[in-house]
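These notes are about the structure you will find just below.
The values are calculated or read from the model by the stated rules, or taken from the named source; none is laboratory data. From a predicted model like this one, the values you see are computed outputs, not experimental measurements. For neighbour counting, all protein chains shown are included, and Cβ atoms are generated from backbone atoms with ideal geometry for every residue, glycine included.
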Amino acid sequence: MLRDAGAPAGERLARRLASSHTRRGFLGRLGAAALAAVSGRLAASAVSPDTADAHYYGFCGHTYTTHHCPSPYFPPRIDLHGRPLRPKDGHRVDNLGRLVDAEGYVVDESGDRLRGPTGDLLPRAPRTRLCQDWVRERYGLKAQFDGGWYRCCGGTIRKLVDCCAHTRTRINGDAALVGYCYNGRRVFCVLYYQTSTPC
Amino acid sequence: MVETIVPVVHGARTWMLSLALFTAGAVATAGLLGLALGAALPAGGATVAAAVAVFALLEAAAELGLVRLPLPQMRRQVPERWRERYPQPLTALLYGAGLGFGFATYLPVATLPVVAVAVAALAGPASGAAVLAAFGLGRGLALAVATARVRSHEQATARIEWMARLAGRRRLRLANAAALGLLGSVLGMGAASGVAQASGTIDLGTQPVADPSAGTGVLAFDRINSDGSLTGVVRYNGTFTDLPGWTPDVSGTSVVVDTGPAFEILDYTTMTVLQTLPLKGRDPALSGKWLVYRRLKNGRRQIVLYNLHTASARVIAHSRLRTDLGPPDISSPRVVYHRTTAGSSSITVYRIDRKSVRSPRTTRIDSYFNPSIDGTSVVYIRQTLQGMQVEVLNLQTSRSRSIFSVNKGSGRFLWTTAIFAGRRYFTVYNSTSSSIHRG
């Protein structure tokens, strides 16, 4: 049994719907979208217009079935170390999805540190690895990067990274695939890293 | 039952006494039920309020005949033998107590189950007792209407039939559906705004306020002036007095404030300065002979414990600048503060007597901050991807529960906290204002 008690109920249910309904399951997709909207996060691509079937996720011509790792943004973009970045511009964000500076303090779009009502800086939040740290705390699995897929995306190479763990069940709630995982590990969830290598 | 309490046989005086005792019995048991339900579960957040709203709307639909839902009820009437065995006032009291419980008799409409669920899920014991006591009062009022100025048993029967016709099965259900629909809508709107559970804003004037600290009959806080500066204020015996500094913290009859170049300790009952400490730091907190504060020194963040009797200080926690070492609070022998790094966030407790440190709450995903302590109870803010919660942590059991929450996107945020004698205070702010709530 997958331990996903840390994930919000709406997200869990949305994932289940996204991974279980059929190609023609319009109501299922609609339900997943509604739940996702209510739960405030998701699996945007599970119901995105450019995805023909909610069984599949995809970008830049690459199609895959394992759902994304938990993250402040979907799809989860990571830096070299596996920490979260804002997908649209690659700016570093903390675990709460807020823009942060090099010291980890919350900043606005112009880089000024944000303060609370009394003038003190907003308390910082951790900025931890989505695969190794988040999956461990939320699902109790010791996860790591093993391999990945590469595609040309937006003019540079994008790597779809497999987050692997010793588990038979992936984040979708169904059977995990071997993918590019080694030593008996299987793909629990996926993330992506946008390189600066032109293609 | 109504025919037992008409002013026919025993006269108007006994009728009034019986009516009062019936109402007292009904209010008492309904209030006790509310007390038990309110204490049964911790007050839920916006999600729980949304669930209760859905339940209320479902029951409203059931009242309209759109869906079928069972009602939890025991279809019993009050024991008839009681009126033969006991004097009428005692019978009335027992009948009131029996009916005040609500679920032990026939329930014609679904209002009581909905309100009972709402009380259990969203209210505390006191507010739960008050809400359900109103049901008991309602039963007393209904009896008063049914029996007032009745001169014969025939008249009593006719009065009951008249009331039944007035309600009419359909009319009663329509009215109840409207009431439940209204309740569901209000709860739904409350859940959507992210602030749905019982908590009260403390009236501290029109200006924004923050940084609460409480004691017996006293509340100290910061007033946020229009230029952004802070002024410490103490409310004692209903009187507001400005303090000569900011970030006040109360202990006994003393309050400590940060004046900039020094910390000042005052007796807030007389406003006399007891001690001026030329210590460089901020966010002072006081407990008996101990003062704790934080400072930057030698490129590091430090939390310093200062003994007011011996004028000696020692650093009890330190970190690099990029680590967020939060404002400390003290309830001797414990000091509490938050420590957040790139890798984790924790609520940390330092024991003065044992010189030991432990972190009863640590997360690698969320953010914990601004804790306050009183005895073995800690109140702190937890921020997640979904929103912010005020959490109460019991250091003895290591259990934590949420007492208030705001949803992400609601435009409201949580800030500083305080706790004293089981009462929790916290700052709620938005882009234009800031207020102190008690929850």
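Six or more apart or on different chains, Cβ atoms under 9 Å: show the pairs whose first residue is in the range A:97-124 and on the phi > 0 side of the Ramachandran plot and within 9 Å of chain B (Cβ to nearest Cβ) and whose second is assigned to a loop (DSSP other than H, G, I, E, B) and among the hydrophobic types (A, V, I, L, M, F, W, C).
Qualifying pairs under 9 Å: A:Gly97/B:Leu385; A:Gly104/A:Ala125; A:Gly104/B:Ala342.
When you go through A:Gly148, A:Gly179 one by one, which is the residue that is touching a strand residue (DSSP E or B) at 6+ places or on another chain (Cβ under 7 Å), away from chain B (no Cβ under 14 Å) and surrounded by fewer than 19 Cβ atoms within 10 Å (Cβ to Cβ)?
Among A:Gly148, A:Gly179, only A:Gly148 is touching a strand residue (DSSP E or B) at 6+ places or on another chain (Cβ under 7 Å), away from chain B (no Cβ under 14 Å) and surrounded by fewer than 19 Cβ atoms within 10 Å (Cβ to Cβ).
Taking the range B:386-412, which residues are over 18 Å from the mean Cα position of the chain (by Cα), buried (at least 20 other Cβ atoms within 10 Å of the Cβ) and without any contact (Cβ under 8 Å) to a residue 40 or more places away in the chain?
Result: B:Gln386, single match.
When the residues of the range B:375-385 are narrowed to those that are crowded, with 22+ Cβ neighbours inside 10 Å and either without any contact (Cβ under 8 Å) to a residue 40 or more places away in the chain or more than 9 Å from chain A (Cβ to nearest Cβ) (or both), which ends up farthest from B:Lys408 (Cα to Cα)?
Within the range B:375-385, the match that is farthest from B:Lys408 (Cα to Cα) is B:Val378.
For B:Gly200, only one of the following conditions fails: (1) under 19 Å from B:Leu112 (Cα atoms); (2) loosely packed, with under 12 Cβ neighbours inside 10 Å; (3) at pLDDT 70 or above. What is its number?
Looking at each condition in turn, B:Gly200 falls short on (1).
Which pairs have Cβ atoms under 9 Å, sit 6 or more apart or on different chains, and link a residue in the range A:132-145 that is more than 12 Å from chain B (Cβ to nearest Cβ) and under 9 Å from A:Ala165 (Cβ atoms) to one that is among the aliphatic types (A, V, I, L, M) and crowded, with 23+ Cβ neighbours inside 10 Å?
Partner pairs satisfying both residue conditions: A:Leu141/A:Val135; A:Leu141/A:Ala165; A:Lys142/A:Val135; A:Lys142/A:Ala165; A:Ala143/A:Val135; A:Ala143/A:Ala165; A:Gln144/A:Ala165.
Within the range B:307-337, count every residue that is within 14 Å of chain A (Cβ to nearest Cβ) and either of a type in the set (Lys, Arg) or surrounded by fewer than 16 Cβ atoms within 10 Å (Cβ to Cβ) (or both).
Qualifying residue count for the region: 4.
Find the residue count for the range A:140-171, including only residues that are closer than 20 Å to A:Pro72 by Cβ and outside any strand (DSSP E or B).
Matching residues across the range A:140-171 total 2.
So which of B:Ile381, B:Ile373 is more than 19 Å from A:Gly97 (Cβ to Cβ) and either at pLDDT 95 or above or not in a loop (DSSP other than H, G, I, E, B) (or both)?
Checking each option against the conditions leaves just B:Ile373.
Restricting attention to the range B:208-266, which residues are hydrophobic (A, V, I, L, M, F, W, C), within 13 Å of another protein chain (Cβ to nearest Cβ) and touching a residue at least 40 places away in the same chain (Cβ under 8 Å)?
B:Val209, B:Ala210, B:Phe221, B:Ile224
Among the listed residues B:Leu71, B:Leu90, B:Leu94, B:Leu21, identify the single one that is farther than 26 Å from B:Leu122 by Cβ, at pLDDT 75 or above and touching a Pro at 6+ places or on another chain (Cβ under 8 Å).
Testing whether each residue is farther than 26 Å from B:Leu122 by Cβ, at pLDDT 75 or above and touching a Pro at 6+ places or on another chain (Cβ under 8 Å) leaves just B:Leu21.
Hey, among the residues in the range B:338-369 that are farther than 18 Å from A:Asp133 by Cα and among the aliphatic types (A, V, I, L, M), which one's nearest to the other protein chains (Cβ to nearest Cβ)?
Within the range B:338-369, the match that is nearest to the other protein chains (Cβ to nearest Cβ) is B:Ile347.
Looking at B:Ser410, is it within 14 Å of chain A (Cβ to nearest Cβ) and on the phi < 0 side of the Ramachandran plot?
It is true that B:Ser410 is within 14 Å of chain A (Cβ to nearest Cβ) and on the phi < 0 side of the Ramachandran plot.
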